[in-house]
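Colleague: What follows is a single structure, and I will ask about it in a moment.
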Amino acid sequence: MSASPHACTRSALITRLRHAGCVFAEDEADLLLAAAPTAADLDAMAARRAAGLPLEHVLGWAEFCGLRIAVDPGVFVPRRRTQHLARQAANLTRPHAVVADLCCGTGAVGAALAATHPGIQLHAADIDPAAVHCARRNLEPAGGQVHHGDLYEPLPPALRGRIDVLVANTPYVPTDALDLLPPEARIHEPRLALDGGGDGLDIQRRVTAQAPAWLAPGGHLLIETSTEQAPHTAAAFARHGLTPRISHCDELHATVVIGTKPGSPGGAHPPHAG
């Protein structure tokens, strides 16, 4: 019995992707086959992937915490390991909490928190206009507000001292290590979403220094970092009056530093339109 046309197409696609160096060629072939409405579209998508474009940019979405997150070309792709950041933040989020997602990229972490805790007051910010456009697609349907600007600068001033959970997936690759990144990231993702400065901690330090002024009493700051950088991140938290702890996830090869501002958490916040 001859193979079905679909089987032949899938086999040829897998071979094409393998030759291009795609480690998970079978899985990627299935995703491309499901996404392409026509054979011509499939060929175009396969060519883009074989040329090195991240799969998420080819598909237009990434899976994150069970959600399909829109990912536009040129925008930082949410990583699987960042699900640990989202889960740790979800564990600390109360009903109707005020949540801020800095360096939000696509807004994946904020979207995961909104899905887990409907009714939170969610704000997100990014300095990259393309990321802001993408994040609005992901967060506005959940009631989130996305602001364009550098870290805290674009947030509504009325949020100062009211944020219960502040998450930040800041760039943390040391500048000298950028050339060691896979071509998918190095070529197709914005450098400002990757470059953390000389030791990788420049943006983290800026976030940490201002966090106490924006957090509510008992509020939490969560930052994703590397295992090696985590002790330095935790020390910076402590210098700025936050009580730090480090959370590792072996399954996701992920590390998050969590800092808590002294004081007792207040009650539910009234809605604020700012």
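Each value in this text was obtained by applying a stated rule to the coordinates, not by laboratory testing. In this text the structure is predicted, and so the values were computed from the model without any measurement. Note that each Cβ is placed from the backbone with ideal geometry, even for glycine, and that neighbours are counted across all protein chains shown.
Colleague: For the stretch 45-85, what ratio Rg/Rh do Cα atoms give with a Kirkwood hydrodynamic radius? It would help to have the intermediate numbers written out before the result.
Modeller: Details: Rg = 10.7 Å, Rh = 10.7 Å.
Ratio of gyration radius to Kirkwood radius for the stretch 45-85: 1.00.
Colleague: Another one. Just for the Cα atoms in the stretch 1-130, what are the lengths along the principal axes, largest first, rounded to whole Å?
Modeller: Sorted from largest, the Cα extents of the stretch 1-130 read 59, 33, 24 Å.
Colleague: While we're looking at this one, here's another question. Using only Cα positions of the chain, each an equal point scatterer, no hydration layer, compute I(q)/I(0) via Debye at q = 0.17 Å⁻¹ and quote the log10 values to two decimals.
Modeller: Normalising to I(0) and taking log10 leaves -1.31.
Colleague: Once label points are set 7 Å from the Cα along Cα→Cβ at both residue 81 and residue 175, what is their separation, rounded to one decimal in nm?
Modeller: 2.2 nm
Colleague: I've got another one for you. Which whole-angstrom value gives the distance between the alpha carbon centres of the stretch 150-214 and the stretch 45-115?
Modeller: Cα centroid to Cα centroid, the span is 15 Å.
Colleague: Quickly rank 254-264, 218-228, 27-37, 163-173 as a protection proxy: mean count of other C-beta atoms within 10 Å, highest first.
Modeller: Numbers: 254-264: 19.6, 218-228: 21.4, 27-37: 16.0, 163-173: 24.4.
Per-residue Cβ counts within 10 Å, averaged per peptide and sorted highest first, yield 163-173, 218-228, 254-264, 27-37.
Colleague: Output the direction-averaged projected area (hull surface divided by four) of the convex hull of the alpha-carbon atoms of the stretch 156-196, in nm².
Modeller: Numbers: hull surface 16.5 nm².
In nm², the orientation-averaged hull projection of the stretch 156-196 is 4.1.
Colleague: Can you give the convex hull volume of the alpha carbon atoms of the stretch 122-273 per residue, in Å³?
Modeller: For the stretch 122-273, the hull spanned by Cα atoms encloses 130 Å³ per residue.
Colleague: Return the distance in nm (one decimal) between the two label points of a simple spin-label model at residue 130 and residue 209, each offset 7 Å from Cα along Cα→Cβ.
Modeller: In this crude spin-label approximation the distance works out to 2.9 nm.
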